[in-house]
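**Student:** A single structure is presented below for examination.
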Amino acid sequence: MTSLFGLDLAGRTVLIAGGGPVAARRAQTLFDDGARLCVVAPYVCEDLADLLLIAPDRTDWHEREVAETDLDGAWLVLAATDSARANSEVAGWAEARRIFCINAGAADQGTARTPATTRSGDLLVGVVTDVSRSTAGADPRRVAAVRDQIGDLLRAGSDQRRHRPAHGQVTLVGGGPGAVDLLTVRGRRAIAEADVVVADRLGPVDVLSDLAPGVEVINVGKTPGHHPVPQHEINHILVEQAQRGRQVVRLKGGDPFVFGRGGEEMIACREAGVPVHVVPGISSALSVPALAGIPLTHRGTSVSFHVTSGHDGLDSSALVAVAERSATLVILMGVSKLASITDQALAAGAAPETPAAVIERGSTPTERITRSTLGDLTEDAHRLGIAAPAIIVIGDVAADDRLGPT
């Protein structure tokens, strides 16, 4: 494993002179990088003591002051005692033995620096001060600020495509309800690493404008009753692109496994021997009502919710939920079947005065919320021209407009 210093320390001995909190933080990082730790200090703090206790096969503690002979066999030295004079002395011993040394108290006196790091996938970026060119010496706050700016850039979707041949793979990314800033950090990173994006018409399509030149976008979007690219062809596209050695992102609205047919795409990839990964998204079933100020559960009103697709009307459990008002009912892809859905619910015994709401284009600047009742919902939808994409919520939680968006 490559350490934060850019060195392969796995199985190699690192001498840590000192047992305080600074030594403990560095020791944990070095341990995580696979190093064998030799700690020399009259005492150790609680965090370092815990590390020594749980990993006796890879750690040693010599309960005394550090001596020059402790450097024997070390590949790297960390001088982190509470004495500047002792740290300087350790750095001098290391210099004489041609062993790299980090002086935790005075970076300009060591031969190695501890970088401030940020990670994005398999990229580990470290920032250090070049003390040979600095007139003011090391500035940890400045280094940390630059590190944070680089981290923000990576998380914002900066181009991170590999430029060496790699094995192709598919990543199913749930894009959330539509707003780009509701994409997860992991989803944004996968898009930044993609050579090709296979995109739906819903979800955070605005993110496509941020793609680097050369990233191919294949639009396979579907509309109600119109599927220009059927699912089996989408599966074929994903597999074929990955088999060409490309990093493929299948960008979906909501979550890939909530009425997103992500399971079918995963099976197709696995059957073809293509590595496939899943990045969960914020399902529109949960996020769109929340953004509209409609809690799916609310103390004293509703303690559960039921999510269903409206393509084929309501299933039996959904009918029970709405008829008995035992749970909030959330319906995806139900606008085109709204009349038959309300007729089903009323025929099953649901009260006409049951509160209902429809949220169109949730999370976008053109979001519209319509509150109604089950008995009036179809007429209101026709009068107002309600159209997909929209989420339908039926239940008592939809009645209270005090909880609407601010």
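**Student:** Would you mind working out the magnitude of the charge dipole of the chain relative to its Cα centre, with +1 at each Lys and Arg C-beta and -1 at each Asp and Glu C-beta, to the nearest 20 Debye?
**Tutor:** It works out to roughly 720 debye.
**Student:** Based on the mean of other beta carbon atoms within 10 Å per residue, what is the order of 316-322, 94-100, most packed first?
**Tutor:** Final packing ranking: 316-322, 94-100.
**Student:** Using packing as a proxy for protection, rank 71-81, 31-41 so that the peptide with the highest average count of other Cβ atoms within 10 Å comes first.
**Tutor:** Per-residue Cβ counts within 10 Å, averaged per peptide and sorted highest first, yield 71-81, 31-41.
**Student:** Additional query: Determine the calculated [θ] at 222 nm for the chain from helices alone, applying -39500 (n - 2.57) to every DSSP H run no shorter than 4 residues and normalising by the residue count; nearest 500 deg cm²/dmol.
**Tutor:** One gets -8500 deg cm²/dmol as the mean residue ellipticity at 222 nm.
**Student:** Suppose R0 equals 35 Å; then what is the FRET efficiency for E68 and R119 from their Cβ-Cβ distance, rounded to the nearest 0.05?
**Tutor:** Taking R0 as 35 Å, the efficiency between E68 and R119 is 0.45.
**Student:** Once you've got the GNM for the chain with C-alpha springs shorter than 10 Å, pick whichever of P56, P177, P230 has the biggest mean-square fluctuation.
**Tutor:** Looking only at P56, P177, P230, the largest GNM fluctuation is found for P56.
**Student:** At a Förster radius of 22 Å, what calculated FRET efficiency corresponds to the Cβ-Cβ distance of L346 and T366, to the nearest 0.05?
**Tutor:** E between L346 and T366, to the nearest 0.05, is 0.10.
**Student:** Which semi-axes, in whole Å and largest first, does the equivalent ellipsoid of the chain have when worked out from the alpha carbon gyration tensor as the square roots of 5 times its eigenvalues?
**Tutor:** 57, 25, 19
Readers should treat all values here as calculations from the given coordinates under stated rules, not as data from a laboratory. Owing to the predicted nature of the structure, the values given are computational and were not obtained by experimental measurement. Because the Cβ atoms are built from the backbone with ideal geometry, glycine has one as well, and the counts that use them run over all protein chains shown.
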